[in-house]
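Encoded as structure tokens, the structure appears first; notes follow it.
The values are calculated or read from the model by the stated rules, or taken from the named source; none is laboratory data. Being a predicted model, the structure only gives us computed values, none of them experimental. Cβ placement follows ideal geometry from the backbone for every residue including glycine, while neighbour counts extend to all protein chains displayed.
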């Protein structure tokens, strides 16, 4: 089975990041998993990849509520990237939010493929990654 080259986890919850990274590593579906704590760090990381001519993450798990730059701010900045970079990446918005407004707002971004409630189980992670690999 093919692996993704890179997954980016954008969430300010270090415990959640630790758990998700461990689950992803145990699934062995990605060569590299990068974790950042807010949307600004994620945008900076993507720019570093683009400037360094390194592949940008094929999959991003994005939280909504974070300090400095939240998930919505990240999406606004992401959609300003050149289309050539955008189409290489699938974004799943992952949040503990239960507000319908958040779910509906996520649908306004063409880059967001799905809104998913936390926590992410190992089975759900595997399913999402398989879905990403078959749709690429």
Matching option when the condition is modelled with pLDDT of 85 or more, out of contact with any strand residue (DSSP E or B) (no Cβ under 7 Å at 6 or more places or on another chain) and on the phi > 0 side of the Ramachandran plot, among 51, 68:
68
Residue among 27, 81, 4 that alone is touching a strand residue (DSSP E or B) at 6+ places or on another chain (Cβ under 9 Å) and either at pLDDT below 95 or closer than 24 Å to residue 119 by Cα (or both)
4
If I filter segment 9-29 down to residues being over 24 Å from residue 79 (Cβ atoms) and buried (at least 20 other Cβ atoms within 10 Å of the Cβ), which single residue comes out as farthest from the chain's Cα centre (by Cα)?
29
Please pick out the residue among 45, 92 that is under 12 Å from the mean Cα position of the chain (by Cα) and in contact (Cβ under 8 Å) with a residue 12 or more places away in the chain.
92
Going by the conditions given, is residue 131 surrounded by 15 or more Cβ atoms within 10 Å (Cβ to Cβ), free of Cβ contacts under 8 Å to residues at least 24 places away in the same chain and over 12 Å from the mean Cα position of the chain (by Cα)?
yes
Give 103, 56, 50, 33 a once-over and let me know the one that is over 16 Å from residue 8 (Cβ atoms) and surrounded by 13 or more Cβ atoms within 10 Å (Cβ to Cβ).
103
